[in-house]
């Protein structure tokens, strides 16, 4: 077809490879366009492996956080009860003490010449959670804590009367100590410190 100006306007000649016979067809050596590419089996396996690692790490993190939180509460309770006992000793003008063992602790009151359990249930014997480790330094020296199956406040396993590990006196003085709470499953540790003047403080240990 020729326009009035003599220029050919054939549609087929305007498209490379085209002709008047219609659109060009793919030859044998031309790959058809790929459909939307999906994951290969290898890629899926890699993704699943990564997800497994992430889930496992998340589980360990949650377990660590739970154990650390339980340890935090346990050490805070220890500090709060010692503080309360020290205050009661001053208010009542009495001599108080606390026995501390590897798996438990409790409170005693000096009655004449012997130590007896404090009757108030607030100061009942407390069992440490399984796995909790309690290390105690008394006046700057490590103290070896033992496990004892004696009845609360009455006598030790060898029949001797139970005696206090820490003193809380009516004068306001407290045995200076550092107690460290730790447990397997978490790297975090918590400290309870007491000065001779009766100042009891709780903190988290910093590496």
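The values are calculated or read from the model by the stated rules, or taken from the named source; none is laboratory data. If you're wondering where the values come from, they're calculated on a predicted model, not measured in any experiment. We place every Cβ from the backbone using ideal geometry, glycine too, and count neighbours over all the protein chains shown.
Quick notes
- Selection count where residues are modelled with pLDDT of 70 or more and in contact with a strand residue (DSSP E or B) (Cβ under 6 Å, 6 or more places away or on another chain), scope the stretch 39-71: 3
- Scope the stretch 170-182; condition touching a helix residue (DSSP H, G or I) at 6+ places or on another chain (Cβ under 6 Å) and surrounded by fewer than 21 Cβ atoms within 10 Å (Cβ to Cβ); matching residues: 170, 172
- Scan of the stretch 105-134 for residues that are surrounded by fewer than 18 Cβ atoms within 10 Å (Cβ to Cβ) and part of a strand (DSSP E or B), ordered by number: 110, 111, 114, 116, 126, 127, 133
- Contact map, the stretch 71-85: residues that are in contact (Cβ under 8 Å) with a residue 60 or more places away in the chain and at negative phi paired with residues that are buried (at least 19 other Cβ atoms within 10 Å of the Cβ) and assigned to a helix (DSSP H, G or I), Cβ distance under 9 Å, separation 6+ or inter-chain. Pairs shown: 85/123.
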